[in-house]
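Below: one structure, written as structure tokens.
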Ligand SMILES: Cc1cc2nc3c(=O)[nH]c(=O)nc-3n(C[C@H](O)[C@H](O)[C@H](O)COP(=O)(O)OP(=O)(O)OC[C@H]3O[C@@H](n4cnc5c(N)ncnc54)[C@H](O)[C@@H]3O)c2cc1C
């Protein structure tokens, strides 16, 4: 077809409202919207029930329905970006522009330049916009011009640089007539055609609950109550806009705004130091002698299954299996338990969370794990070993949360058999960290 057309490529921004690159694309119109189920990513996932692919599928179907109500459609491919762009350019020789929002993960930072190069050869320009964060990785720097590696000074500069106009909406609906108009209804690949199946996890909705945000500072550490927003999966996939999230935060809870800034802090850590995915942010922490071998693997299996005999840890790990989500306080407890009590490599836990969390986000997951293991940019000190019993007493004093996931926790049989003794585990962790970090056992220091 010879009509000039632009393309909008949905990635981590699955919404038809307040979307920076989409709003830009629609200024030029007509715009052909596409999504690619990227085989380079999907082929690495286990087949069968896959909640994140299901989540994507459901939200894409909703976007497609809306676009069809506006006289357009959504093209959804199951392929690779290289093949898709090759194909589209042959179908639409007059294609000149591709619009998308920036993705800061290492895979995307390899993919996008390769796509840009391919498109350039075809006479097409790739335009990338900032949409996923308010400040990208080179916008908040210290006085020496380097990225911050500690949250508090980062957040101070973030707040000083913030201006309310950054929250202005990038509206889509007023320009909806600029979507490519067609009678053709695109057929989406089914989950089964891609090797997946629907699971049983119920996804949280994406509404901003003002009452939860108003109580957030007081209740965010109590896993038994609905004290946090549960918007993480939506922020992950862009089914809500970060500008709308900050708008709600500034209206109802400054503490919640601080958590959104943690998210941006970890985004910039990953973007500036992509090696953190596989190595400790503080390199000396890669000398810690993590346990390996059959006993270590057996302990890891107990941790994954939620059968450690530590009620708060087990409740958290069972919540993960059931809901694909864990309360933040409990994420910290289970992660600390894995790396310190069990002395297992935090990367094992990171990988398990990556497989199971519906809100899995490489930057926040890595940041959370490296924080808990003490290895990270702005981490808990290595000698801070969370006591899971005290954490339960403090944050779940009536055992309401624990009882929800570990009904047998009051039985003697359960309480008699923790997989490791707390005092022993704590001492072992301190010794191992000491040997790893200082080359000497504790008693010789
Ligand atoms: C070991 C570990 C692993 C984690 N893995 C992930 C992950 O894969 N994906 C993820 O989104 N979060 C992760 N977190 C951070 C945090 O636990 C979740 O963002 C939060 O529990 C999500 O629930 P919510 O939406 O109700 O959060 P709320 O408390 O309502 O917070 C609002 C939003 O702020 C952001 N946020 C909150 N706390 C943090 C934090 N500590 N770090 C970064 N962003 C934060 C999230 O986007 C969250 O949705 C991890 C934390 C730890 C300790």
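Go ahead and run the numbers for FRET between residue 275 and residue 166, Cβ-Cβ distance against an R0 of 25 Å, rounding to 0.05.
0.25
Say we join alpha carbon atoms closer than 10 Å with springs in a Gaussian network model of the chain; which of 381, 174, 397 then has the biggest fluctuation?
174
Could you give the length gained on full extension between residue 17 and residue 416, defined as 0.36 nm per residue of separation minus the Cα-Cα distance, in nm? Walk me through the intermediate numbers first.
Working: separation 399, 0.36 × 399 = 143.64 nm, distance 5.39 nm.
Separation in residues times 0.36 nm, less the Cα-Cα distance, equals 138.2 nm.
Sorting check: for 138-150, 350-362, which peptide has the highest mean count of neighbouring beta carbons within 10 Å, and how do the rest follow?
350-362, 138-150
Would you mind listing how long the range 160-296 runs along its three principal axes, going by Cα atoms, in whole Å with the largest first?
On the principal axes, the range 160-296 reaches 61, 45, 36 Å in Cα extent.
Give me the distance in nm between label points sitting 7 Å out from Cα along the Cα-to-Cβ direction at residue 255 and residue 393, one decimal.
With each label placed 7 Å out from Cα toward Cβ, I get 2.2 nm.
Among 109, 176, 243, which one shows the biggest mean-square fluctuation in a GNM of the chain, springs joining Cα atoms closer than 10 Å?
Of the options given, 109 has the highest mean-square fluctuation.
Can you compute the label reach from residue 157? Point 7 Å from Cα along the Cβ direction, backbone N cut-off under 14 Å, restricted to the range 117-145.
What the label zone holds, given the 14 Å backbone N cut-off, is 135-145.
List 166, 188 from most exposed to least, where exposure is judged by having the fewest other Cβ atoms within 10 Å.
By the 10 Å Cβ count, ascending, the order reads 166, 188.
For the chain, what is the percent of antiparallel DSSP beta bridges, rounded to the nearest 5?
In the chain, DSSP labels about 5 percent of beta bridges as antiparallel.
What do you get for the angle between helix 422-438 and the principal long axis of the chain? Use alpha-carbon atoms, 0 to 90 degrees, nearest ten.
It works out to around 70 degrees.
Taking the beta-carbon count within 10 Å as an exposure proxy, list 64, 394 from fewest neighbours to most.
The order, fewest Cβ neighbours first, is 394, 64.
Mind pulling up the Rg/Rh value for the chain? Radius of gyration and Kirkwood radius, both on Cα.
With Rg and the Kirkwood Rh in hand, the quotient comes to 0.99.
What nm value, rounded to one decimal, do you get for the distance between residue 430 and residue 217 when each label is placed 7 Å out toward the C-beta?
Label-label distance for residue 430 and residue 217, simple model: 3.5 nm.
Would you kindly work out the equivalent ellipsoid of the range 283-444 from its C-alpha gyration tensor and give its semi-axes, the square roots of five times the eigenvalues, largest first in whole Å?
Each semi-axis is √(5λ); the values are 25, 19, 14 Å.
Can you pull the Kirkwood radius for the range 1-130, inverse mean 1/r over Cα pairs, to one decimal in Å?
15.3
Under a plain spin-label model, where a point goes 7 Å from the Cα along Cα-to-Cβ, how far apart in nm are residue 79 and residue 244?
3.1
Could you work out which residue, out of 45, 430, 95, moves most in a Gaussian network model of the chain, that is, has the largest mean-square fluctuation with Cα springs under 10 Å?
45
Relative to the present Cα-Cα distance, how much length would full extension add between residue 438 and residue 287 at 0.36 nm per residue of separation?
Stretched out fully, the residue 438 to residue 287 stretch lengthens by 53.4 nm.
Values quoted throughout were computed directly from the atomic coordinates according to the rules given, and no laboratory measurement underlies them. Every value quoted in this text rests on a predicted model; they were computed, and no experiment measured them. Neighbour counts run over all protein chains shown; Cβ positions are idealised from the backbone, glycine included.
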